[in-house]
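Structure first, then comments.
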Amino acid sequence: MAFGEIHIPFWEESGHVCKTCRVTGARFWTRDENRTTCGDSTEDPYTFIGNPAIEGFPMRGKALKDAMREAFLDFFEKRGHMRVEPYPIIARWRDDIHLTIASIADFQPHVTSGQVPPPANPLAISQPCIRLTDVAAVGRSGRHLSTFEMMAHHAFNRPRDDDVVYWIDQCVRYCDEMLIDSFGISPGELTYVENPWSGGGNAGPALEVIIGGLELATLVFMNLEEDDDGDVEIKGLRYKEMDLQIIDTGYGLERFCWAAAGTSTIYEAIYPESVVWLKQLSDFDSVVSSLGIEVDMDTLLGELSRLAGILNIDVGTDVEALYDKLVERLSENGIDLSVDELKRVTEPLSSIYAIPDHMHALCNMLGDGLVPSNAKAGYLARMLARRACRMKDDLGASVSLADLGAHHMDTHLDMSSFVQSREGILRILELEEMRYHEMLRKGEAAVRTALKSIPKDSAEASDETLFRLAEERGLNPDMVVSIAHGLGWENLSVRVGFAADMAARNAEMTKAAAKAKSGKSAIEVTTLPETSADYYADTSSTEFTAEVLHCTPLSDDAVGSLNLSSEVRGAPTHAVVLDRTLFYPEGGGQLGDQGTLAQNGSVANVVDTRVENGVIMHLTDSPLGSGSASGTVDWERRKQLMDHHTAVHIVGGSAREVLGPHIWQAGSNKGARYARLDITHHS
């Protein structure tokens, strides 16, 4: 449903008028009848730099974030919302994403699908998040972050059951009241821009809340869920309407801090101590002095941030064209610099700004028990660690990655929710830096082979070459460039946006794997009732009688798609479904039961047992007809499976106790002959 079709009484009561932005064409709401732009266009520069838009928060860094977070949560707590503790940064409850990317991700898919109730309704939360799609713009734009906190208030409504907490009108009232009364924002400066939202399998109409050219919040009214057969299309994906309708808001904590501090970039507002320290370590002031630039650095950086906001520095930006444009616009504002002078200032600054952001993400990931690796979420941690290593080395900062981690944890982090210790995090950072330098040494042969067909004066390698080196050799793009320079490809560089594309590729692979995992079964069972799982009532019972509900032959393709274990003796020819069973199906890494089904004097061997949507399928070597059948479970094998399952948990728990809280089960297999446990560990 479009916003134009939704009646929001608050707009009329508060004196808002609806306008169309003359630059973007977007519909927006404002109290200023003379306003012609939506606040988020190329003609809307940041107006809060040097002139804070939020009042009453004179502090900086962690103290500012703590005060801002508390003000937000207190506002909603006083209005009936329960304060909920943030969820982990590693989204282990999700198959389709590795990292918590938004507060609503805490509740997807189980709460948003209606399977379980929310922890409170309504609720307020401030959720640490990591998104690496914009990693290439971090440090360059003045505003981009890879790690941030999403402050939010959520309400879960079931209008078809007359169970509505609040919907769009009340949500907008809360937002407007808080921004004006709690944060002192001038009413006439606020704009609400209509823009549909989608993410994590859900979507809905949304309002972007803009102040001084900066998007502070997004108010999403989630009423759609992703469905290939849905009748609503948003950003190329199809959706259908949900029974559960959700208030899903996101207020950027760090952006609130920036608007309150009015600093030249967001990094000086939230990481001021690290910025000062890194400038000292890199002797940045001497670099600036050597240029002989007759302009105040804060003035220059403020102008750059304002321009970055309206020029939209983002993933895929053409860097050279951008520098030309920045120099032109700076000159129009009375600051005369050459492109080379601007680069000599901004290139080291981009690293100075990006390092604390990357360390914040990395320390949070390691604190949550993640171990860097070349796969899944571990790859993302390793990518950040190696980017930070390269940046500090480029700056000439004589500190280790562990030194950066120690400074960041001591200055910027509350570690009370971490499962990993400070010492454990520092040890992992030490190992990662060692592996980074070892990889630089060992990666020469791989890079030389991959680039042998590329002329030595080339400026770029193909994306596919960089993807392959990263995924097969563990060489991220920055490392490839460093090695290539030493091998004679001195002009080689990584295009802006490639690191973000790598992260996006990783995310797409994860989402595709999750979709494949939950894909259609090789055996159609959707019309059958769920099987009564009697093995839960008595795990030692092995004999039973049941009714045969369905028996279907298995094609060679169906058998092939089952990915049968080596413990399966012979190939199954049929899938038999009973109304009840004692056969335990494969699950949790434990193989399915084996045994026999007897009927009218004939015996069918059960070679494996599977489950789909609650329907348990007995894979047999001969068919059964309708009617009663008796089943016998191979108890000796079942007991061995149970013992192996118990042993895996004992070993896993012992490993965690001995090696540390970063130990997680990454996979397992429990058969009758042997059991295997995969764990995460850094050594």
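If you scan region 105-120, which residues turn out to be buried (at least 17 other Cβ atoms within 10 Å of the Cβ) and touching a residue at least 24 places away in the same chain (Cβ under 8 Å)?
Within region 105-120, A105, F107, Q108, P109, V111, T112, P118 meet the criteria.
Only one residue in A26, A63, A102 is closer than 27 Å to L123 by Cα and surrounded by 15 or more Cβ atoms within 10 Å (Cβ to Cβ), so which one is that? Write out each step before concluding.
Values: A26 fails: closer than 27 Å to L123 by Cα; A63 fails: surrounded by 15 or more Cβ atoms within 10 Å (Cβ to Cβ).
Of the residues listed, the single one that is closer than 27 Å to L123 by Cα and surrounded by 15 or more Cβ atoms within 10 Å (Cβ to Cβ) is A102.
Would a scan of region 625-636 turn up a residue that is part of a helix (DSSP H, G or I) and either out of contact with any strand residue (DSSP E or B) (no Cβ under 8 Å at 6 or more places or on another chain) or touching a residue at least 24 places away in the same chain (Cβ under 8 Å) (or both)?
yes
For region 653-683, which residues satisfy the criterion of being among the charged types (D, E, K, R) and touching a Ser or Thr at 6+ places or on another chain (Cβ under 9 Å)?
The initial filter retains those residues of region 653-683 that are among the charged types (D, E, K, R), namely 656-657, 670, 673, 676, 678.
Those that are among the charged types (D, E, K, R) and touching a Ser or Thr at 6+ places or on another chain (Cβ under 9 Å): R673, R676, D678.
Residue by residue, here is whether (1) part of a helix (DSSP H, G or I); (2) within 27 Å of the chain's Cα centre (by Cα); (3) surrounded by fewer than 24 Cβ atoms within 10 Å (Cβ to Cβ) holds:
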residue: A136; (1), (2), (3): yes, yes, no
residue: H154; (1), (2), (3): no, yes, no
residue: Y166; (1), (2), (3): no, no, yes
residue: D169; (1), (2), (3): yes, no, yes
residue: D176; (1), (2), (3): yes, no, yes
residue: V193; (1), (2), (3): no, yes, yes
residue: S198; (1), (2), (3): no, yes, yes
residue: A203; (1), (2), (3): no, yes, no
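Considering only residues that are part of a helix (DSSP H, G or I) and closer than 25 Å to E70 by Cβ, which ones fall in region 178-191?
M178, L179, I180, D181, S182, P187, E189
Going by the conditions given, is V371 crowded, with 20+ Cβ neighbours inside 10 Å and at pLDDT below 95? First the steps, then the outcome.
On the way: crowded, with 20+ Cβ neighbours inside 10 Å: yes; at pLDDT below 95: yes.
For V371, the condition - crowded, with 20+ Cβ neighbours inside 10 Å and at pLDDT below 95 - is met.
Determine whether M68 is in the same structural domain as G201 (by TED's automatic domain parsing), surrounded by fewer than 18 Cβ atoms within 10 Å (Cβ to Cβ) and within 27 Å of Y192 (Cα to Cα). Talk me through it step by step, then tell me what you get.
On the way: in the same structural domain as G201 (by TED's automatic domain parsing): yes; surrounded by fewer than 18 Cβ atoms within 10 Å (Cβ to Cβ): no; within 27 Å of Y192 (Cα to Cα): yes.
The answer is no for M68.
Given (1) among the hydrophobic types (A, V, I, L, M, F, W, C); (2) over 18 Å from E524 (Cα atoms); (3) assigned to a loop (DSSP other than H, G, I, E, B), where does V648 come up short, assuming only one miss?
(3)
Tally up the residues in region 436-460 that are buried (at least 18 other Cβ atoms within 10 Å of the Cβ) and closer than 30 Å to P356 by Cβ, please. Steps first, answer last, please.
Here is the first cut: in region 436-460, the ones buried (at least 18 other Cβ atoms within 10 Å of the Cβ) are 436, 439-440, 443, 446-447, 450-451.
Now drop any that are not closer than 30 Å to P356 by Cβ, which leaves 436, 439-440, 443, 447.
Summing the residues that are buried (at least 18 other Cβ atoms within 10 Å of the Cβ) and closer than 30 Å to P356 by Cβ in region 436-460 gives 5.
Go through region 509-536 and give me each residue that's at pLDDT below 90 and small (G, A, S).
Matches in region 509-536: A512, A513, A514, A516, S518, G519, S521, A522.
Check off (1) among the hydrophobic types (A, V, I, L, M, F, W, C); (2) touching a helix residue (DSSP H, G or I) at 6+ places or on another chain (Cβ under 7 Å); (3) in a loop (DSSP other than H, G, I, E, B); (4) touching a residue at least 60 places away in the same chain (Cβ under 8 Å) for L64 and give me the number that stays unchecked.
(3)
If the Cβ limit is 6 Å and pairs must be 6+ apart or interchain, which residue in region 268-292 that is under 16 Å from H358 (Cβ atoms) pairs with which residue that is in a helix (DSSP H, G or I) and among the acidic types (D, E)?
Between residues of region 268-292 that are under 16 Å from H358 (Cβ atoms) and residues that are in a helix (DSSP H, G or I) and among the acidic types (D, E), the close pairs are I270/E254; V275/E268.
Among the numbered conditions (1) part of a helix (DSSP H, G or I); (2) closer than 23 Å to L659 by Cβ, tell me where G369 comes up short.
So the condition that G369 fails would be (1).
Test of understanding: among D340, D298, which residue is more than 20 Å from T42 (Cβ to Cβ) and modelled with pLDDT of 80 or more?
Details: D298 fails: modelled with pLDDT of 80 or more.
Just one listed residue meets the conditions, D340.
The values are calculated or read from the model by the stated rules, or taken from the named source; none is laboratory data. Computed from a predicted model, the values in this text were never measured in an experiment. Methodologically, a virtual Cβ is constructed for each residue, glycine included, from the backbone with ideal geometry; neighbour enumeration extends over all protein chains shown.
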